1. Taking a ≥ b ≥ c as the square roots of the eigenvalues of the Cα gyration tensor of region 17-223, is the shape rounded (a/c under 1.5), prolate (a/b larger than b/c) or oblate?
2. Going 7 Å from the Cα of SER167 toward and past its Cβ, which residues in region 46-61 have a backbone nitrogen under 19 Å from where you end up?
3. Round to the nearest 0.05 the FRET efficiency obtained for GLU75 and VAL227 when R0 = 45 Å and r is the Cβ-Cβ distance.
4. Could you compute the net charge surrounding LYS90? Neighbours are other residues with a C-beta less than 9 Å from the C-beta of LYS90; K and R count +1, D and E count -1.
5. Would you list VAL107, VAL116 from fewest to most Cβ contacts within 10 Å?
6. Please go through the residue pairs LYS62/LYS108; LYS72/LYS108; LYS69/LYS195; LYS45/LYS90; LYS121/LYS162; LYS38/LYS89 and name each one whose alpha carbons sit more than 24 Å apart in this structure.
7. Hey, with R₀ at 25 Å, roughly what FRET efficiency would GLU194 and GLU137 work out to, going by the Cβ-Cβ distance, to 0.05?
8. May I ask you to derive the FRET efficiency for ASN159 and ALA37 from their Cβ-Cβ distance with R0 = 35 Å, giving the value to the nearest 0.05?
Amino acid sequence: MQGRHHVGHGIQCGYSASTSSHGIMERMNNVQVYDPAKLQPPTGKFNAIVALSDRDGGIGNKGTLPWPKLSKDLEYYQTLTSFTTDPSKKCVNIRGRLTWEAGTAAVKSHPRRLNVVISSKMAKRPEHVHHIAKSFEEALSWSLAAEDAENVWVLGGSNVYKTAMSSPLCHRVYVTRVFGEFESDVFFPEIDPEKFQHVRDEALVDTPFEENGTRYQFEIYERKPVVQ
Ligand SMILES: NC(=O)c1ccc[n+]([C@@H]2O[C@H](COP(=O)([O-])OP(=O)(O)OC[C@H]3O[C@@H](n4cnc5c(N)ncnc54)[C@H](OP(=O)(O)O)[C@@H]3O)[C@@H](O)[C@H]2O)c1
């Protein structure tokens, strides 16, 4: 249950009650989640992406997500974690074994992805897995050395995020903050406000959405520059 009650501590989501009227939300549902003309590949050695509950940082429940399907969030996740400027290059996606097993066939088989799974139990590479790593460090060094990779994403789960965010090479954490209480058995660790700050990216929408009664919004936390 690590990370429970920590998310948002010191880092506030910036959600404004004045934007929560249902009419505005409905109009927001027609908004694209990104501007294709402005989208740039992520900078830094690697980035992480997560959807979490604003109440307790819940990210998973019984091997799946705690909330009903959020199609705009899925579009955002799919776009960012497979976007390259060079069409011959790919995005490395690093996941723990359970997150890999929870993924859909469409996510696993995407041609622009190189899939790295962290596991001590996987003996044989399943279909669409490009590398099995015994540790996060091994996963990262394989990913950073992969010749056909343009960028590297960390996709969870809980311990993998924790180790990733403790690395100075983790540039940004892309958070989908889902408003509400959901039954969860896996939680996101603290985003350390000493190390990360809330930033905006002009290519990405950060206004709230609502789908099937669930409200959520996209936020970006970026590693603070090191003061010499
Ligand atoms: N909301 C979101 O954005 C989001 C993102 C990701 C996942 N999830 C959800 O979270 C749940 C899965 O996450 P989880 O935290 O339970 O599991 P996980 O991190 O995906 O997988 C855990 C497994 O990964 C391997 N592993 C992880 N860290 C390792 C390390 N440092 N060294 C060696 N092996 C390591 C181990 O595999 P072996 O047992 O094979 O050794 C471990 O049992 C699911 O419910 C999923 O849907 C949600």
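Just so you know, all these numbers are worked out from the coordinates, no wet-lab data involved. Nothing here was measured: the structure is a model prediction, and the numbers come from that model. Every residue, glycine as well, gets a Cβ built from its backbone with ideal geometry; the counts of neighbours run over all protein chains shown.
1. prolate
2. Backbone N within reach: 46-51.
3. After rounding to 0.05, the efficiency reads 0.75.
4. Residues near LYS90 contribute +1 overall.
5. If I rank by nearby Cβ atoms, fewest first, I get VAL107, VAL116.
6. As for pairs spanning more than 24 Å Cα to Cα, those are LYS69/LYS195.
7. For R0 = 25 Å, the calculated efficiency reads 0.65.
8. 0.40
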